[in-house]
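**Student:** One structure, pasted below without further comment.
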Amino acid sequence: MNASRRAAANVPDAEKAFFVADLTQVYLQHQRWLRCLPDIEPHYAVKCNPDPYVLRLLASLGAGFDCASNGEISQVLRIGGIDPGRIIFANPCKATSFIRGAAKAGVDKMTFDNADELYKIARTHPTAKLIIRILADDSKSICRFGIKFGASLDVVLDLLLKARELHLDVIGVSFHVGSGCYDPTIYEDAVRRAREAFDLGERAGYHFSILDVGGGFEDTRFEAAAAVINCAIDKYFPDRSGIRLVAEPGRFYVSRAFSLAANIIARRAPISQDNETRVDLVTGKENEPALMYYINEGVYGAFNCIMFDHQTVEPYVLSMNDSFHVSASEPVSASSVWGPTCDSIDCVCKCVELPRALQVGDWLGFNNMGAYTICAASQFNGFQLSEVIYTTSKGGEEVRSLLRNFATKDHDH
Ligand code: PLP
């Protein structure tokens, strides 16, 4: 995190927390995608991180986009040069005005999983190209969606017959195994269910042409998930001529590309190590200095991922006592790290070993902060959102040139 080290250099009052986005990482993830899933067109899930440079880079790489709302559709189309056909409105429960808005913007592909959605679409966007979202087993994912979305196979035929009756064009099937899927084998079962839905489609008089394998791709298990998906598609869709394969990856693209630097703005520590040791409130350990660090990002801001995305985060020292060098033999203490608001729920780390010598003004770093962080941050208690500093690491010339060329085509922005 060299860029953040430079930016966190000891300038008076230069204490605002900030992200460092390494756009090369996004580029490399795309290369990884093309290597492992060459037949599946990624539609980046904008909700995960609608950063304008990420969107622009992915647009220039030819990716499509999964949008959840009219706001996201507008943001993608504002990039310029994006055909609305590259967008899937992948929210199965949309406001009527949003469906109308999608029609106006030329976005035809949208998901549904219930009959009421079909009535709304028939009224407001009768030429839409629909994708039925089926229920997948989401029990192996950190964030489960099945309780809210997805038609179970036993209602799929009725839904498709209803769509037929309403003269709607259903073109395919999608599923989502849940976000942060830690058991890649689950995709096999989801593809099997999709096969069943394709067959039910034939019974309802449709001939589907899209299989959308959703999102859920977890960085460390990506290759394994890709292998399972490729095998499952070969098994259940041996003849897939005329079928377009798509996906809606979110966190896979951005998680590791963003790091966060936060400043220690306050500290609660024993005044003297001899007479002020006490029972740590969180760990319950006795005779340990209960070191509490307060930083200028918290769960109401970028660390909302702890609450909404069920993440645990691990700080490391970026700079200590004006030095970027922290010796491995530095004495450490069990410590807790807290966000800046006046709410006690605003705890970033309940217990982590950090150097005892950390002071107010020192910097902590957090990696893998690109997914479901900035997008859901609030300004509760009047704290500003952390800004993003962009960088490109090794091989960045290609990334910079892609962004430049894309910007040339899109002269309005
Ligand atoms: N598609 C849909 C419909 C989603 O709701 C989500 C996440 O909420 C995604 C794709 C992206 O999932 P992930 O970030 O796990 O790849």
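**Student:** For the charge dipole of the chain, defined by +1 on Lys and Arg C-beta atoms and -1 on Asp and Glu C-beta atoms about the Cα centroid, which residue among Val246, Gly370, Ala302 has the Cα displaced farthest towards the positive pole?
**Tutor:** Val246
**Student:** Turning to a different aspect of this structure: Dividing the Cα convex hull volume of region 133-182 by residue count, how many Å³ per residue is that?
**Tutor:** Dividing the Cα hull volume of region 133-182 by its residues yields 73 Å³.
**Student:** Peptides 363-373, 141-151: what's the order by average Cβ count within 10 Å, highest mean first?
**Tutor:** Descending mean neighbour count gives 363-373, 141-151.
**Student:** What do you get when you divide the Cα radius of gyration of region 328-371 by 2.2 N^0.38 Å, with N the number of residues?
**Tutor:** With N residues counted in region 328-371, Rg over 2.2 N^0.38 Å equals 1.31.
**Student:** Tally the DSSP beta bridges in the chain and give the antiparallel ones as a percent, rounded to 5.
**Tutor:** Roughly 40 percent of the beta bridges in the chain run antiparallel, per DSSP.
**Student:** From Cα coordinates alone, what are the radius of gyration and Dmax values for region 216-268 in angstrom?
**Tutor:** According to the Cα coordinates of region 216-268, Rg and Dmax are 18.9, 65 Å.
**Student:** Taking just the alpha carbons, could you work out the radius of gyration and Dmax for the chain, both in angstroms?
**Tutor:** Here Rg and the maximum Cα pair distance are 23.9, 80 Å.
**Student:** Here is a further query. On average over all directions, what projected area in square nanometres does region 133-229 have, based on the convex hull of its Cα atoms?
**Tutor:** 5.9 nm²
**Student:** Residues with beta-carbon under 14 Å from that of Ala266, excluding Ala266: net charge, scoring Lys, Arg +1 and Asp, Glu -1?
**Tutor:** Counting the neighbours of Ala266, the net charge comes to -2.
**Student:** Starting from the 7 Å offset along Cα-to-Cβ, what nm value, one decimal, do you get for the label separation of Gln384 and Lys148?
**Tutor:** 3.1 nm
**Student:** Starting from the eigenvalues of the Cα gyration tensor, five times each then square-rooted, give me the equivalent ellipsoid semi-axes of region 90-186, largest first, whole Å.
**Tutor:** 25, 15, 10
**Student:** Now for a different question. Residues of region 28-42 with amide nitrogen under 18 Å from the 7 Å Cα-to-Cβ point of Arg240?
**Tutor:** Residues 32-42 fall inside that zone.
**Student:** What whole-number volume per residue, in cubic angstrom, does the convex hull of the C-alpha atoms of region 289-352 give?
**Tutor:** Given the Cα convex hull of region 289-352, per-residue volume reads 102 Å³.
**Student:** Quick one: Cα convex hull volume of region 37-147, Å³ per residue?
**Tutor:** About 120 Å³ per residue, rounded to a whole number.
**Student:** R0 = 56 Å: FRET efficiency of Ser329 with Ser401, Cβ-based, nearest 0.05?
**Tutor:** The value I calculate is 0.80.
**Student:** Can you give the three extents of the C-alpha atoms in region 311-389 along their principal axes, from longest to shortest, in whole Å?
**Tutor:** In descending order, the Cα extents are 38, 30, 23 Å.
**Student:** While we're on this one: Of the candidates Val170, Val155, Val191, which one comes out as most mobile in a Gaussian network treatment of the chain with C-alpha springs shorter than 10 Å?
**Tutor:** Looking only at Val170, Val155, Val191, the largest GNM fluctuation is found for Val155.
**Student:** Further, regarding this structure: Using a basic spin-label model with each label point 7 Å from the Cα along Cα→Cβ, how many nm lie between Cys93 and Met307?
**Tutor:** Between Cys93 and Met307, the simple spin-label model gives 2.1 nm.
Every number in this text was worked out from the coordinates using simple rules, so none of it is lab data. Computed from a prediction, not measured in an experiment: that's the story for all the values here. Reconstructed Cβ throughout: ideal geometry from the backbone, glycine too, with neighbour counts over all protein chains shown.
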